[in-house]
Structure formats: C-alpha cells, structure tokens
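Q: Encoded as structure tokens, here's the structure I'll be asking about.
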Ligand code: IMP
Ligand code: ZN
C-alpha cells in the first residue's frame, strides 16, 4: 500500500494506523481470548471444543487465500462467524475460562494485545460469572460474581503498574506510545434471567458506590453497564428498570442494539437515551433519523458487523467488499455521526485495533490522518471522568504530533 497524505516522511497507511494512539470502547473480555490460550486452557481442563468452530491449526490457516499481496492478506476472513456461530462459540468458552487463574490470564493477554496496537484508553466489558478458584476445585466451590469483577480489576491494575515500570525504564517506548489506561463495564447477558441480571446490577452499583468514595485516576474503575448477549433472546424492556436504577446510581449505560431487526425494542432503547449504543445496525430509517438527531455515539465494530451480518459471503471473505455493504457506516461517516471504532471480540473475529482502522480506511477511501483524528475524538464518548478524559486527550494529541513530525 502506498504512502498517505499526513505530514512527514511516508510510511505505509497500515504502519501509520498501527502507530497512532487509539481508543477502544467496545471489547468483550472473553471474546478477546487468544486462539492459543483457548487451546491451552481446553487442554489443561480436559474440555473438548467443537471442530466446527475451533481448529487446532494456527488461525491464519482458516483465513481465505487473498491476492498475492501481504498487506491485503488480513483483509480476508472466511471463518464461519455468523451471529449464531458466534453465540455457539461463546457457549463453549466458559468450559475453558472456568477459574480465576484463566480469568487473570485472559485479562492480562487482552491488555497486552490492545497495548501492542497502541490503545491508549480501553473500556473492557465482561459478564460477571461464578467461577472456580482453581479448576481442580470441586464444582460446589464457586466464588461469587463480585470476585469475578475484583479479579478483572486486579488484573488491569497489575498490568497498568507493569506498564508504568516498563515506561520508566524505556525512553523509546515512551516516545512511541502511551501506557494503556483501562476501565471496566459490567455486562448483562440478555439471555440470562431477570433475577440473574438484578443480582449483577446490584453488585455493580454497590461496587461503583464504594469506588466513588475513594476516587482515583490510577486505579481501574467500573464506569458503566452494558446489555449484550444473544439478541434473539429476551428484550431490553425486560431489563429497563434495572438500567434505570444503574443510571440513577451514576453508572453510564451502553446497549447493544439493532443486531437483528426488532423495531419495537429499538424504539424503546432509543427512547431510553443510552449514553452509547453498540452496533445500531438494522434500525428502520425513521429510527436512524432519531439516532442522527439525538447524536447518541455508536460503538461501531466493522469486522464484527461484516461477519455477523454475513456481508462478505458472496466475495470469498473479502472484508473490504463486505464492509462496503454495511447498512449505515457510509452515512454515519458522511454525516460525521459520533463514532467509536471497536474490535468487539478480537479473538473470535481474528482482528485487532489496527486492522479495524485499515479496513475502514480501505473500504471508504478515508484520509488516514482524518481517521486518526476521529479515533482520538472518540475519547469524548468514553465513560471516564473529565480529568482523565482531558489528560488522555492531551497526551494523544501530543503523541500524534510526534508521529507526524518523526515519520
Ligand atoms: P464476556 O462477557 O467476557 O463473557 O464476553 C463474551 C460475551 O459477550 C458473550 O457471551 C456475549 O454475551 C457478549 N457478546 C460478545 N459479542 C457480542 C455481540 O456481537 N453481540 C452481543 N453480545 C456479544
Ligand atoms: Zn459487542
């Protein structure tokens, strides 16, 4: 791929997009699991994964053979990842991530992977589960959901302090990227019962309120609540009063919306005015208009959308061709609708934070510098406090200047 129009000497577009500081607001922890880690954990725990979705082969063997051009290789994906396939996969992961050590491992690795792609600010989300302390323990010894959240927060804290240490000893690292800052969103799985969701929301509110009494920009915080999970199950309205309660307690709200056509539910979600929306794909045009008027930021996840809507099926897995069929992205870009760009489930979709930007730039012929600005702007939709937002914003702008100056 050729150079681009940003100031300074030419680097390839994909290298430029790798270097820029990023903001990731839509990533599900268990969906970030590395292929090798999943295989290791399954082996250690004696879990059998279905051959249909998980092959023991390295993942790239499962990708289509694209034209003979290294840079375009990653722009193809023929793995079976329809919406149903994804939920079949998610149903298999808990047999592997069944204890706190596995949870610690996937948390560390998710942060490592986002940091490697220069994510400066991350909001990681996960559905709290009752796990074993150790997979060798008896099934009756499961810990409660609060321990799940505490373990993830601890994993983030550990990673951030290691980052701090690394940065203090490595001036080259400090000039190339920012140390990652990560907060946590408590996810509600809509396929679970109202009772289960109520329990999770109460734990989230309780932990959030305790955290408010000792605010810190250094520790990872619970900042919001999400509704996700299989969109064919249940309805936002079943959980609406819980989301209202969470909002009253001060938590921000993001809702997965429009993954399947469901007009009445989408009307209710938009009327609730969440702070952000996940995907917002298949809204009827009258609701797209409401979305545009209300300017609710959308967490868009390009590869995930192409795969779950099966947009690349007719083009042998060509993601660029698939994304060009996206139901709303072209219009959102044209109207400058507030967007954040996310990976959703980088382990499941075989993607990363850089690849999502390359895909967008290639598909819609965007100026990479404008893309970098858009990514930096998305910190405005983060659920963190104002002080942290401004701090990260300023640091991102500084490092962008540096990149433009030195490249
Ligand atoms: P976890 O919450 O850390 O276990 O991450 C995996 C979970 O995230 C899945 O089981 C789903 O509930 C949710 N999830 C991941 N991707 C999607 C998506 O595209 N739509 C809706 N829910 C999703
Ligand atoms: Zn999602």
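Q: Taking region 70-87 on its own, how many of its residues are in a helix (DSSP H, G or I) and loosely packed, with under 15 Cβ neighbours inside 10 Å?
A: Within region 70-87, the first condition is being in a helix (DSSP H, G or I), and the residues that meet it are 70-73, 83-87.
Then drop every residue that is not loosely packed, with under 15 Cβ neighbours inside 10 Å, which leaves 70-71, 73, 84.
Of the residues in region 70-87, 4 are in a helix (DSSP H, G or I) and loosely packed, with under 15 Cβ neighbours inside 10 Å.
Q: Looking only at residues that are part of a loop (DSSP other than H, G, I, E, B), out of contact with any strand residue (DSSP E or B) (no Cβ under 6 Å at 6 or more places or on another chain) and within 16 Å of ligand 1 (Cβ to nearest atom) in region 331-351, which one is farthest from residue 296 (Cα to Cα)? Spell out the reasoning first.
A: Within region 331-351, the subset part of a loop (DSSP other than H, G, I, E, B) is 336-338, 342-343, 345, 350-351.
Now drop any that are not out of contact with any strand residue (DSSP E or B) (no Cβ under 6 Å at 6 or more places or on another chain), which leaves 336-338, 350-351.
Narrowing further to those that are within 16 Å of ligand 1 (Cβ to nearest atom): 350-351.
On the way: 350: 28, 351: 26 Å.
Top of the filtered list is 350.
Per-residue answers, yes or no, for (1) within 16 Å of ligand 2 (Cβ to nearest atom); (2) within 20 Å of residue 260 (Cβ to Cβ); (3) in a helix (DSSP H, G or I); (4) under 18 Å from the mean Cα position of the chain (by Cα):
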position	(1), (2), (3), (4)
286	no, yes, yes, no
292	no, no, yes, no
304	yes, yes, yes, yes
320	no, no, yes, no
362	no, no, yes, no
366	no, no, no, no
369	no, no, yes, no
373	no, no, yes, no
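Q: Among the candidates 323, 309, 359, which residue alone is within 15 Å of ligand 1 (Cβ to nearest atom), out of contact with any strand residue (DSSP E or B) (no Cβ under 8 Å at 6 or more places or on another chain) and under 30 Å from residue 39 (Cβ atoms)? If you could, list the steps in order and put the result at the bottom.
A: Working: 323 fails: within 15 Å of ligand 1 (Cβ to nearest atom); 359 fails: within 15 Å of ligand 1 (Cβ to nearest atom).
After ruling out the rest, the residue left standing is 309.
Q: Would you call residue 222 crowded, with 20+ Cβ neighbours inside 10 Å, within 13 Å of ligand 1 (Cβ to nearest atom) and over 18 Å from residue 331 (Cβ atoms)?
A: Values: crowded, with 20+ Cβ neighbours inside 10 Å: yes; within 13 Å of ligand 1 (Cβ to nearest atom): no; over 18 Å from residue 331 (Cβ atoms): yes.
Criteria not met by residue 222.
Q: Right, something else. Residues 122, 131, 178: which one is modelled with pLDDT of 95 or more and under 17 Å from residue 34 (Cβ atoms)?
A: Values: 131 fails: under 17 Å from residue 34 (Cβ atoms); 178 fails: under 17 Å from residue 34 (Cβ atoms).
That would be 122, the only listed residue that is modelled with pLDDT of 95 or more and under 17 Å from residue 34 (Cβ atoms).
Q: Please tell me if residue 267 is on the phi < 0 side of the Ramachandran plot and assigned to a helix (DSSP H, G or I).
A: Numbers: on the phi < 0 side of the Ramachandran plot: yes; assigned to a helix (DSSP H, G or I): yes.
Yes: the conditions hold for residue 267.
Q: May I pose another question? Hey, could you check region 123-160 for residues that are within 30 Å of residue 178 (Cα to Cα) and without any contact (Cβ under 8 Å) to a residue 60 or more places away in the chain and say which is surrounded by the most Cβ atoms within 10 Å (Cβ to Cβ)?
A: 155
Q: Let me ask something additional. Which one of these is closer than 30 Å to residue 212 by Cβ, over 19 Å from the mean Cα position of the chain (by Cα) and either more than 16 Å from ligand 2 (Cβ to nearest atom) or crowded, with 19+ Cβ neighbours inside 10 Å (or both): 312, 268? If you could, list the steps in order and put the result at the bottom.
A: Details: 312 fails: closer than 30 Å to residue 212 by Cβ.
None of the others qualify; the one that does is 268.
Q: When you scan region 98-213 for helices (runs of 4 or more DSSP H) that lie fully inside it, which ones turn up with 1 or more residues that are within 22 Å of the chain's Cα centre (by Cα)?
A: Details: elements: 100-116, 145-169, 171-176, 194-212.
Fully inside region 98-213 and qualifying: 100-116, 145-169, 194-212.
Q: Working only within region 26-48, note down all residues that are within 15 Å of ligand 1 (Cβ to nearest atom) and in a loop (DSSP other than H, G, I, E, B). Step through it out loud before you land on a result.
A: Taking region 26-48 and keeping what is within 15 Å of ligand 1 (Cβ to nearest atom), we get 26-34, 37-38, 41.
Those that are within 15 Å of ligand 1 (Cβ to nearest atom) and in a loop (DSSP other than H, G, I, E, B): 33, 34.
Q: Continuing with this model, one more query. Do we have any residue at all in region 97-113 that's within 16 Å of ligand 2 (Cβ to nearest atom) and touching a strand residue (DSSP E or B) at 6+ places or on another chain (Cβ under 6 Å)?
A: No, region 97-113 has no match at all.
Q: I'm told residue 274 meets every condition in (1) in contact with a strand residue (DSSP E or B) (Cβ under 8 Å, 6 or more places away or on another chain); (2) part of a loop (DSSP other than H, G, I, E, B); (3) more than 16 Å from ligand 2 (Cβ to nearest atom) except one. Can you identify the failing condition by its number?
A: (3)
Q: Which of the following residues is modelled with pLDDT of 95 or more and within 16 Å of ligand 1 (Cβ to nearest atom): 238, 198?
A: Values: 198 fails: within 16 Å of ligand 1 (Cβ to nearest atom).
Of the residues listed, the single one that is modelled with pLDDT of 95 or more and within 16 Å of ligand 1 (Cβ to nearest atom) is 238.
The values are calculated or read from the model by the stated rules, or taken from the named source; none is laboratory data. Bear in mind that the values here come from a model prediction, so they are computed numbers and not experimental data. Cβ atoms come from the backbone with ideal geometry, glycine included; neighbour counts cover every protein chain shown.
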